[in-house]
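Report on the following structure.
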Amino acid sequence: MSNTDSAIREAVESFVEQLRGLIQRAALDSVQAALNGAPARRGAKPGRSAPSDARSKGHRKGAKRTPEQLDGLIKKLHSYVAKNPGQRIEQVGKALGVATKELVLPVKKLVSEKRLSAKGQKRATTYSAK
């Protein structure tokens, strides 16, 4: 075996040992976090928390909205679409300051109640008040 081959083999073995150590440390960190009741944080930067925009709107992310919150959003949505017909859901959400996924249920309710009409398909759908 030549000196180059030996150097390559040593470099690979060194890399494998470093990788093995990192994997073991990550596994230990995950187990320790699980035992302490804290979720393992992968890829998160220390000192950073989740965005607070969901909390500022009166509900936690993923939590159900109250009927009052839903009714308020439905009224706000219908009023906006009545004044600005022919806009897509992304445009409506941006104007209202509401995420488009939060508008899905109110839009479905208004369309099923025939208070809104929808033209187009998927993201090209535009809405008008009836």
Quick one: what pairs do we get from segment 25-47, first residue modelled with pLDDT under 60, second of a type in the set (Phe, Trp, Tyr), C-beta under 7 Å, 6+ apart or different chains?
none
Here the residues within segment 77-94 that are surrounded by fewer than 16 Cβ atoms within 10 Å (Cβ to Cβ), under 22 Å from the mean Cα position of the chain (by Cα) and free of Cβ contacts under 8 Å to residues at least 24 places away in the same chain are GLN91, LYS94
Neighbours by Cβ (under 6 Å, 6+ apart or cross-chain): first from segment 95-112, over 16 Å from GLY72 (Cβ atoms) and at pLDDT 90 or above; second among the charged types (D, E, K, R) and outside any loop (DSSP other than H, G, I, E, B):
THR100/GLU90
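The values are calculated or read from the model by the stated rules, or taken from the named source; none is laboratory data. Quantities reported herein were computed from a predicted structural model and do not represent experimental measurements. Glycine gets a Cβ as well: all are built from the backbone with ideal geometry, and neighbour counts include every protein chain shown.
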